[in-house]
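Engineer: One structure coming up, written as C-alpha cells, with questions to follow.
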Amino acid sequence: MRPRLYARFRPWIGVLSASVKPGTNTVSNTSFQEQQQTLWGGTGSNAELVRRVPVMAKYRLLLLRHGEGAWNIENRFCSWVDQKLSEDGVKEARDCGTLLKAQGYELDLVFTSLLSRSIHTAWLVLEAMGQEWVPIAKSWRLNERHYGALIGLNRAEMALNHGEEQVKLWRRSYALTPPPIDEFHPYFFEIYNDRRYSTCDVPKEDLPRSESLKDVLDRLLPYWDNVIVPEIKKGRTVLISAHGNSCRALLKHIEGISDADIVGVTLPTGIPILLELDEDLRPVKPRELLGDQAKIQAAIKKVEDQGKAKQVAK
C-alpha cells in the first residue's frame, strides 16, 4: 500500500474497530457514515475506495475467556476463588482447540492467569491442537477481576435485592469498585493463604482486595507492555487464556473502547477472539469471534442473562 494512502486510511481503522457492536462482529451504519464524513467529507466514490482497500495485518493475537466454570453454572461471582472447569467448560476448551487446529493456527506461546480454570483451558486447547509442547507463562496480572465482598454471591439473587442495573454496574462498569473483601469473608483466607500468591511480583499484602475494571487494566498493562508485547513483536502467534474481565480490559486498551461502551462488551466462555493488528498493535479490522455465529450469539445472551433478576432455588 502506498504510504500516502495508508496514512489517510489509518484513522479509519481505529474508528471502525471502536464501532464494533458489543457482542457482535458487525459495525454500526451510523459510525461508518460518521467516519466517512471525517475522512472524505462525504459518502461518495472515495469513501467506497476506503472499503475496498485491504490492510494487511502484521501481527495476530488470540484472546480466550476460559471454559465454563463450576460457579458459572451456579451464577456466582467467582473472581479469585480457584474454581475448576465444569464438564461443559472442558468441552468448550477442547472444541476451541479443535477449531483452531482446523483453521491452521500454530501457537508459539500461551499466557494464562494463576487460576486453575485459565490454566486448564490452555492445557485442553493445546492438547486438542496437538501442540502440548508450546510454552505457557502464568501471571497473577491476568487474573479475573477481584470482586471483593461480592465473591461467592449469586448474581440473579442480587438483582432481585438490588436491581438489575446495579448488578450490571458492579459487573460491567469501568470505574466502579465493589466493597473490599475483609478477614470476615468466608473466602478471604482461602485466597490469601494460597501458596501461588507468594510467587507474585508484589508482596502478598499489596495484592488487591477489590477492583474496578480500570484497576484490572492498570495492573495488567505492565505485564502486557513488558512481557506480552515483545513476544508479539517477534512475530510469534500468542494465545492469552484468561478471564472475562482481563480479556475485556485488554480489548478496551487495544481497541480504544470508551469507558461507557465497555459496559456493553460481553465475552462468552470458550470462544476464541482473533485480533489482527498493525505494527503499532492497533486493529486493522474488527475483532472476530471464531466459530459458529449462531452458537456464539446464544452464548453471549447466556452471559448477559446472568445478571437478570430471578428467584434462586434454595
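Engineer: Does residue 107 qualify as being touching a helix residue (DSSP H, G or I) at 6+ places or on another chain (Cβ under 6 Å), open to solvent by less than 20 Å² (accessible area, probe 1.4 Å) and either at pLDDT 50 or above or not hydroxyl-bearing (Ser, Thr, Tyr) (or both)?
Structural biologist: No.
Engineer: Output the residue which, of all residues in region 136-156 that are open to solvent by less than 10 Å² (accessible area, probe 1.4 Å), at pLDDT 95 or above and assigned to a helix (DSSP H, G or I), is nearest to residue 69 (Cα to Cα).
Structural biologist: 142
Per-residue answers, yes or no, for (1) within 30 Å of residue 264 (Cβ to Cβ); (2) surrounded by fewer than 19 Cβ atoms within 10 Å (Cβ to Cβ):
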site	(1), (2)
158	yes, no
169	yes, yes
172	yes, no
183	no, yes
190	no, yes
204	no, yes
211	yes, no
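Engineer: Regarding residue 133, is this residue open to solvent by less than 50 Å² (accessible area, probe 1.4 Å), aromatic (Phe, Trp, Tyr) and either under 17 Å from residue 217 (Cα atoms) or without any contact (Cβ under 8 Å) to a residue 24 or more places away in the chain (or both)?
Structural biologist: Criteria not met by residue 133.
The values are calculated or read from the model by the stated rules, or taken from the named source; none is laboratory data. None of these values were measured; they are calculated from a predicted model. Cβ coordinates were reconstructed from backbone atoms using ideal geometry, including for glycine residues, and neighbour counts include every protein chain displayed. Quick note on the areas: whole protein, heavy atoms, side chains included, nothing else; ligands and nucleic acids left out. Shrake-Rupley method; radii C 1.70, N 1.55, O 1.52, S 1.80 Å.
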